[in-house]
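The values are calculated or read from the model by the stated rules, or taken from the named source; none is laboratory data. Not measured: the values here are computed from a predicted model. Glycine also receives a Cβ, built like all others from the backbone with ideal geometry; neighbour counts cover every protein chain displayed. For accessibility, only protein heavy atoms count, side chains too; no ligands or nucleic acids. Shrake-Rupley method; radii C 1.70, N 1.55, O 1.52, S 1.80 Å.
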Amino acid sequence: TLLKQGLRPGLIYQKLCEHPEFTASESAVWRMTVKLRDAQPPAPRVFGRIETLPGEVGQVDFGEVTPLVDPATGETRRTWAFSLVLGWSRHQYVEFVFDQKLPTWLLCHQHAFEFFGGVPQRLVIDNLKAAIIRAYAHDREAEVQRAYGECAEHYGFLIAPCRPRT
């Protein structure tokens, strides 16, 4: 209990020495407190759940995956997964692609919207080059690619870029 109270090994040793039946050395107490501290389960990881309404938010990004064979060339190529996850249901659309260019980004959005049969009100995106020209800074808003802005206007969704490192 002394260790749980946050006492250091030296102070624990002093308190234990107040008992006449205690005979261990200070180094033994030190080793035991280190062993007990290391045996403590790690602090639980805390997650914040963000609640959204149905159709309110989608999260979209590219993520690199294992290289795949390109059916057009037969060669193994660097591959990304386009992913659009709906905030409320956590339903997900994934498409494997061989580049992260703007036309691919836009086509993947079209495929995802067709798959879901609708469009979220807002898409939260990372600051990838296919969508964002310049990321947020302390003194300016993010600058969106013109074609992606037109895509958002056509489908009727808002673009919500993440702030860097968030």
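Which chymotrypsin sites (Phe, Trp or Tyr not before Pro) in segment 2-89 pass both tests, a DSSP loop state and at most 14 other beta-carbon atoms within 10 Å?
Numbers: sites: Y13, F22, W30, F47, F62, W80, F82, W88; in loops: F22, F47, W88.
Of the chymotrypsin sites (Phe, Trp or Tyr not before Pro), the ones in loops of segment 2-89 whose Cβ has at most 14 other Cβ atoms within 10 Å are F22, F47, W88.
Take the alpha-carbon positions of segment 65-113, form their convex hull, and give its projected area averaged over all directions (one quarter of the hull surface) in nm². Could the numbers behind the result be given before it?
Values: hull surface 15.3 nm².
Average of the hull's projected areas for segment 65-113 equals 3.8 nm².
Quote the accessible area belonging to V119 in square angstrom, nearest 10, computed with a 1.4 Å probe and with ligands, DNA and RNA left uncounted.
For V119, solvent-accessible area is about 50 Å².
For segment 77-120, calculate the relative contact order in percent as a whole number, restricting contacts to Cα pairs under 8 Å that are 6 or more residues apart. Working shown, then result.
Working: 43 pairs, mean separation 15.4, N = 44.
This gives 35 percent for segment 77-120.
So what does D61 come to for accessible area, using a 1.4 Å probe and Å² rounded to 10?
The value for D61 is about 50 Å².
In segment 32-101, which GluC sites (Glu not before Pro) are in a loop and have at most 14 other Cβ atoms within 10 Å, using DSSP for the loop call? Don't jump to the answer; show the numbers that get you there.
Numbers: sites: E51, E56, E64, E75, E95; in loops: E51, E56, E75.
Within segment 32-101, the qualifying GluC sites (Glu not before Pro) (loop, at most 14 other Cβ atoms within 10 Å) are E51, E56, E75.
Pop a pseudo-label 7 angstrom from the Cα along the beta-carbon direction at both L128 and R163 and give the gap in nm to one decimal.
Reported label-point gap for L128 and R163 is 2.4 nm.
Any chance you could give the angle, 0 to 90 degrees and rounded to 10, that helix 26-39 forms with the longest Cα principal axis of the chain?
30
Calculate, in nm to one decimal, what C17 and A81 gain on full extension: separation in residues at 0.36 nm each, minus their alpha carbon distance. Write out the running numbers ahead of the final one.
Numbers: separation 64, 0.36 × 64 = 23.04 nm, distance 6.25 nm.
That pair, C17 and A81, stretches by 16.8 nm at full extension.
Using every pair of alpha-carbon atoms in segment 46-93, split the distances into 10 Å bins beginning at 0 and state the percent of pairs per bin, rounded to integers.
Histogramming segment 46-93 at 10 Å steps yields 24, 32, 25, 15, 4 percent.
Of the accessible area of the chain, with the probe set at 1.4 angstrom, what percent is carbon plus sulfur? Intermediate values should be presented prior to the final figure.
Values: 6410 of 11790 Å².
In the chain, the share of accessible area belonging to carbon and sulfur is 54 percent.
Equivalent-ellipsoid semi-axes (√(5λ), Cα gyration tensor) for segment 56-153, whole Å, largest first?
Numbers: eigenvalues 113, 64, 30 Å².
Value: 24, 18, 12 Å, ordered largest first.
At q = 0.11, 0.17 Å⁻¹, what log₁₀ I(q)/I(0) does a Debye calculation on the Cα points of the chain give, no solvent, two decimals?
-0.61, -1.05
Please give the calculated 222 nm ellipticity per residue for the chain, where each DSSP H segment of at least 4 residues contributes -39500 (n - 2.57) and the sum is spread over every residue; nearest 500 deg cm²/dmol? Intermediate results must be reported in sequence, preceding the final value.
On the way: 4 runs with 48 residues, N = 166.
Result for the chain, helices only: -9000 deg cm²/dmol.
Tell me, what is the 1.4 Å probe accessible area of L3, in Å² to the nearest 10?
Result for L3: roughly 40 Å² accessible.
Can you list residues whose amide H is under 5 Å from D70's amide H, if they're 5+ apart or on another chain and H is modeled 1.01 Å from N?
E75, T76, R77
Return the FRET efficiency for the residue pair E143, V69: r is the Cβ-Cβ distance, R0 is 35 Å, and the value is rounded to the nearest 0.05.
On the way: r = 37 Å, r/R0 = 1.05.
Efficiency computed from Cβ-Cβ geometry: 0.45.
Relative contact order (percent) for the chain, with alpha-carbon contacts under 8 angstrom and 6 or more residues of separation?
Answer for the chain is 16 percent.
I'd like the orientation of helix 146-155 relative to the chain: the angle between its Cα long axis and the longest Cα principal axis, in ° from 0 to 90, rounded to 10.
80
Which residues' amide hydrogens lie under 5 Å from the amide hydrogen of V144, considering only partners 5 or more residues apart or on another chain, with H built in the peptide plane?
I133
Need the full-extension length gain, E26 to E56, defined as separation in residues times 0.36 nm minus the C-alpha distance. One decimal, nm.
Working: separation 30, 0.36 × 30 = 10.80 nm, distance 6.10 nm.
The span from E26 to E56 would gain 4.7 nm if fully extended.
Measuring with a 1.4 Å probe in the full set of protein chains, what accessible area per residue, in whole Å², belongs to the chain?
On the way: 11790 Å² over 166 residues.
Result: 71 Å² of accessible area for each residue.
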